[in-house]
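The values are calculated or read from the model by the stated rules, or taken from the named source; none is laboratory data. For clarity, every value in this text was computed on a predicted model and none was experimentally measured. Virtual Cβ from ideal backbone geometry, glycine too; neighbours counted across all protein chains shown. Accessible surface is based on the protein model in full, side chains and every heavy atom, while ligands, DNA and RNA are left aside. Shrake-Rupley method; radii C 1.70, N 1.55, O 1.52, S 1.80 Å.
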Amino acid sequence: MSKSYGLETRAIHAGARPEPITGARQTPIFQNTSYVFEDVDHAASLFNLQTYGFIYSRLTNPTVAVLEERLANLEGGRGATCTASGHAAQQLALFPFMEPGAKVVASTRLYGGSITQFGKTFRKFGWEASFVDTTDMAAVRAAVTSDVRALFVESLANPGGVVSDLAALADIAHAAKALLIVDNTLATPVLCRPFDWGADLVVHSLTKFLSGSGASMGGVVIDSGRVDWHQSDKFKGLTAPDPAYQGISFAETFGDLAYTTHAHAVGLRDLGATMAPMNAFLTLLGLETLPLRMERHCANAAKVAAYLARHPNVAWVSYAGLSDSPYRAHAGKYLGGRGGAVFTFGLKGGFDAGVRLVESVALFSHLANIGDTRSLILHPASTTHRQLTDAQRTAAGAGPDVVRLSVGLETVEDLIADLDQALGKSGS
Amino acid sequence: MPGRILTEPADIRALLDRVRVIAVVGVSTDWKRPSSYVMKYLQSRGYRTVPVNPRAAGQEIWGERVHASLADIPDRFDMVEIFRKSEDVRPIVDEAIRLAQEKSIRAVWMQTGVRHDEAAQKATAAGLDVVMDRCAKIEYGRHHSELAWGGFNTGVISAKRQRVRHA
Ligand SMILES: Cc1ncc(COP(=O)(O)O)c(C=O)c1O
């Protein structure tokens with residue numbers, strides 16, 4: 001039983017034993033909201049967190065729990081908490097140890113929606129988020145002062161093709177007794193396992209590759225189980241007595257289960273951004289084929305990137321899997337030499353060429369998402385980053401010439417042919 | 001036959017399957033303490049748990065009379081579970097070894113954070129199995145899928161159908 005199984009085996013089996021009452025083999029969808037108590041004493045034990053079990057699906061649900069265990073297993077973590085979306089996971093991840101005036105440092109190389117969430121909405125809670133270029137280690141060292149609670153980065157950044165130096169970032173965070181939180185959405189546990197490099201928490205948008213078919217929203221926070229919450233007084237949310245639970249300290253009572261127990265029993269209880277059981281089921285189906293899909297996603301993306309790099313209308317391609325990428329060495333160390341399947345490139349024809357390209361493709365879908373079986377294309381300057389100035393757009397890696405691709409699982413020759421005809425029309 | 005220090009999940013599961021009566025040394029009379037949580041949980045899963053705590057001798061915890069020492073427990077028990085600091089483990093293990101025959105003790109379990117390698121060697125030499133630095137509640141939960149209900153990675157992978165325990 002202690003045999004260590006391979007990634008493909010775990011992607012199918014972890015968390016999902018046959019349902020014991022009926023023998024159902026695929027994970028059943030427990031679509032119910034609430035659970036019958038055995039008696040009053042059982043109810044009291046559940047509410048006091050003295051026993052394992054279900055009370056109400058805002059906190060825990062059997063179908064969602066299967067997904068949580070599978071994700072914790074794939075990342076090599078202790079426990080996981082699923083949420084309604086990736087953004088909900090990012091809020092839940094910080095919630096146990098943040099409060100008004102508490103500081104968090106985030107990378108400038110984050111998904112644009114995350115920059116807005118940290119920079120605008122989290123500030124409304126009094127959480128002081130600042131940003132630093134996480135490819136500049138001297139800047140990171142200066143930014144992560146001893147009063148910072150966490151450093152937040154993406155392993156493989158969306159879009160940009162930037163691969164974070166996770167081991168170096170973990171060292172800097174830990175020297176300041178801060179946590180390293182890694183958004184592993186684009187790399188997935190197939191390419192990168194941030195806990196192997198010192199990360200303390202991992203978050204994902206499950207909406208992308210993990211569910212994989214553009215059919216379900218979801219997020220997760222995974223705890224490494226390795227943080228000593230008593231190491232500093234920055235983590236009182238987990239060490240101080242909780243009056244709502246008869247004055248227990250989560251860290252003392254639950255040891256390495258404390259963070260995930262708190263995330264359900266306090267975080268989901270009060271923030272309420274719970275994952276729907278149906279979405280957990282769809283994501284479990286997606287995970288069964290994740291290792292297989294990621295292999296092909298990466299292989300297709302590498303071919304498309306190589307094709308674009310040779311195209312006369314293309315000025316540059318930012319893909320960590322290309323031999324001339326500045327992140328090639330990091331991709332070798334952290335992503336097993338692969339570059340993922342989401343990247344950007346620049347058109348010599350600028351803004352107008354970008355607009356013509358997204359309107360001329362016939363197989364790539366023009367939409368704002370990534371990590372689908374279908375290939376996706378976006379021209380940020382005319383869509384997601386439309387309201388910014390040129391200078392702001394360029395700083396965000398969304399200059400007028402930039403196009404983002406999420407390469408899918410179609411026949412790669414068909415994808416290249418589609419880009420070829422559309423690039424012909426877009427001109428240089 | 002000498003006992004063993006158990007670390008493999010399958011061995012720990014087999015021990016929890018064999019054991020029925022557990023002497024819980026150092027369990028607190030404060031129901032909010034982790035030791036009290038574990039005792040109550042093990043009761044709810046069909047184990048008889050007998051509390052040992054000299055400062056609370058004669059009182060009751062979760063319906064069971066508290067004894068001052070292992071020797072004071074009138075009945076037989078299979079396992080001794082220790083909720084004391086590592087430094088305080090040695091005399092408890094010595095007493096368990098002394099009583100092993102008379103009480104039919106097969107194992108000593110030291111709770112999460114508690115280890116004593118020397119005492120453990122002595123216990124295994126005397127034929128007792130030993131588990132160190134683990135929580136019986138977590139280990140029971142791991143093998144009966146309950147731990148997974150909270151979103152935890154149990155490490156258990158199996159396509160076998162589990163038997164349902166009927167109360
Ligand atoms: C890297 C990354 N993190 C987080 C998110 C947010 O996830 P969600 O849309 O599921 O809330 C996204 C979504 O685009 C993303 O690309």
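Observations on the structure shown:
- Of all residues in the stretch B:113-167, those satisfying the criterion of being within 8 Å of another protein chain (Cβ to nearest Cβ) and in contact with a strand residue (DSSP E or B) (Cβ under 6 Å, 6 or more places away or on another chain) are B:Gly151, B:Phe152.
- Leading residue by the ranking (nearest to B:Asp72 (Cα to Cα)) among those in the stretch B:113-126 that are open to solvent by less than 30 Å² (accessible area, probe 1.4 Å) and touching a residue at least 60 places away in the same chain (Cβ under 8 Å): B:Ala123
- Test result for A:Ala331, surrounded by 16 or more Cβ atoms within 10 Å (Cβ to Cβ), small (Gly, Ala, Ser), modelled with pLDDT of 95 or more and within 16 Å of the ligand (Cβ to nearest atom): no
- Residue within the stretch A:312-325 that is open to solvent by 20 Å² or more (accessible area, probe 1.4 Å), among the aromatic types (Phe, Trp, Tyr) and assigned to a strand (DSSP E or B) present: yes
- Taking each residue of the stretch A:179-196 that is under 17 Å from A:Val227 (Cα atoms) and looking for partners that are near the ligand (Cβ under 10 Å from one of its atoms) with beta-carbon atoms closer than 6 Å, six or more apart or interchain, yields A:Val182/A:Ser155; A:Pro194/A:Ser155; A:Pro194/A:Asn184.
- Which listed residue, of A:Gly336, A:Gly354, is in the same structural domain as A:Ser382 (by TED's automatic domain parsing), part of a loop (DSSP other than H, G, I, E, B), within 20 Å of A:Asn158 (Cα to Cα) and of a type outside the set (Val, Ile, Thr): A:Gly336
- Within the stretch B:130-141, the set of residues being more than 15 Å from B:Lys85 (Cβ to Cβ) and open to solvent by 30 Å² or more (accessible area, probe 1.4 Å) comprises just one member, B:Arg134.
- Whether a residue is within 12 Å of chain B (Cβ to nearest Cβ) and without any contact (Cβ under 8 Å) to a residue 60 or more places away in the chain was assessed, and A:Ala11 does not pass this test.
- Residues in the stretch A:335-374 that are within 16 Å of the ligand (Cβ to nearest atom) and in contact (Cβ under 8 Å) with a residue 40 or more places away in the chain: A:Leu335, A:Gly339, A:Gly340, A:Ala341, A:Val342, A:Phe343, A:Thr344, A:Asn369, A:Ile370, A:Gly371, A:Asp372, A:Arg374.
- Condition met for A:Ala167 (within 13 Å of the ligand (Cβ to nearest atom), closer than 25 Å to A:Pro291 by Cβ and not assigned by TED's automatic domain parsing to the domain that holds A:His330): no
- Cross-chain or 6+ apart pairs with Cβ under 7 Å, the stretch A:104-132 first and farther than 17 Å from A:Arg149 by Cβ and open to solvent by 50 Å² or more (accessible area, probe 1.4 Å), then within 16 Å of the ligand (Cβ to nearest atom) and modelled with pLDDT under 95: A:Arg109/A:Ala157; A:Arg109/A:Gly160; A:Arg109/A:Val162; A:Tyr111/A:Asn158
- Selection status of A:Ala273, small (Gly, Ala, Ser) and either farther than 27 Å from A:Leu180 by Cβ or not in a loop (DSSP other than H, G, I, E, B) (or both): no
- Among the residues of the stretch A:369-383, those that are touching a helix residue (DSSP H, G or I) at 6+ places or on another chain (Cβ under 6 Å) and part of a loop (DSSP other than H, G, I, E, B) comprise A:Ser375, A:His379.
- Elements of type helices (runs of 4 or more DSSP H) contained in the stretch B:5-112, each with 2 or more residues being surrounded by fewer than 23 Cβ atoms within 10 Å (Cβ to Cβ), within 14 Å of another protein chain (Cβ to nearest Cβ) and out of contact with any strand residue (DSSP E or B) (no Cβ under 8 Å at 6 or more places or on another chain): B:9-18, B:34-44
- Looking across the stretch A:38-85, the residues that are among the charged types (D, E, K, R) and open to solvent by 30 Å² or more (accessible area, probe 1.4 Å) come down to A:Glu38, A:Asp39, A:Asp41, A:Arg58, A:Arg78.
- Subset of the stretch A:88-119 (residues that are modelled with pLDDT under 95 and more than 15 Å from the ligand (Cβ to nearest atom)): none
- Leading residue by the ranking (most open to solvent (accessible area, probe 1.4 Å)) among those in the stretch A:384-428 that are within 20 Å of A:Thr373 (Cβ to Cβ) and acidic (Asp, Glu): A:Glu413
- Meets criteria (among the small types (Gly, Ala, Ser), surrounded by 17 or more Cβ atoms within 10 Å (Cβ to Cβ) and under 30 Å from A:Asn48 (Cβ atoms)) for A:Ala301: no
- Among the residues of the stretch A:199-231, those identified as touching a strand residue (DSSP E or B) at 6+ places or on another chain (Cβ under 9 Å), away from chain B (no Cβ under 14 Å) and away from the ligand (no atom under 12 Å from the Cβ) are A:Ala199, A:Asp200, A:Val227.
- Looking across the stretch A:235-264 at every residue that is more than 9 Å from chain B (Cβ to nearest Cβ) and among the hydrophobic types (A, V, I, L, M, F, W, C), the one that is most open to solvent (accessible area, probe 1.4 Å) is identified as A:Ala244.
- Complete set of residues in the stretch A:4-27 that are open to solvent by less than 40 Å² (accessible area, probe 1.4 Å) and either part of a loop (DSSP other than H, G, I, E, B) or at positive phi (or both): A:Gly6, A:Ala14, A:Gly15, A:Ala16, A:Pro18, A:Glu19, A:Gly23, A:Ala24, A:Thr27
- In the set (1) within 23 Å of the chain's Cα centre (by Cα); (2) surrounded by fewer than 23 Cβ atoms within 10 Å (Cβ to Cβ); (3) more than 23 Å from A:Gly272 (Cβ to Cβ), the condition left unmet by A:Ser216 is number (3).
- Residues in the stretch A:241-271 that are under 22 Å from B:Asp30 (Cβ atoms) and of a type in the set (Gly, Ala, Ser): A:Ala244, A:Gly247, A:Ser249, A:Ala251, A:Gly255, A:Ala258, A:Ala265.
- The residue pairs whose first member lies in the stretch B:47-67 and is farther than 28 Å from B:Asp17 by Cβ, whose second member is surrounded by 14 or more Cβ atoms within 10 Å (Cβ to Cβ), and whose beta carbons are closer than 6 Å, counting only pairs six or more residues apart or on different chains, are B:Pro54/B:Ala68; B:Ala56/B:Thr29; B:Ala56/B:Val66; B:Ala57/B:Val66; B:Ala57/B:Ala68; B:Gln59/B:Val66.
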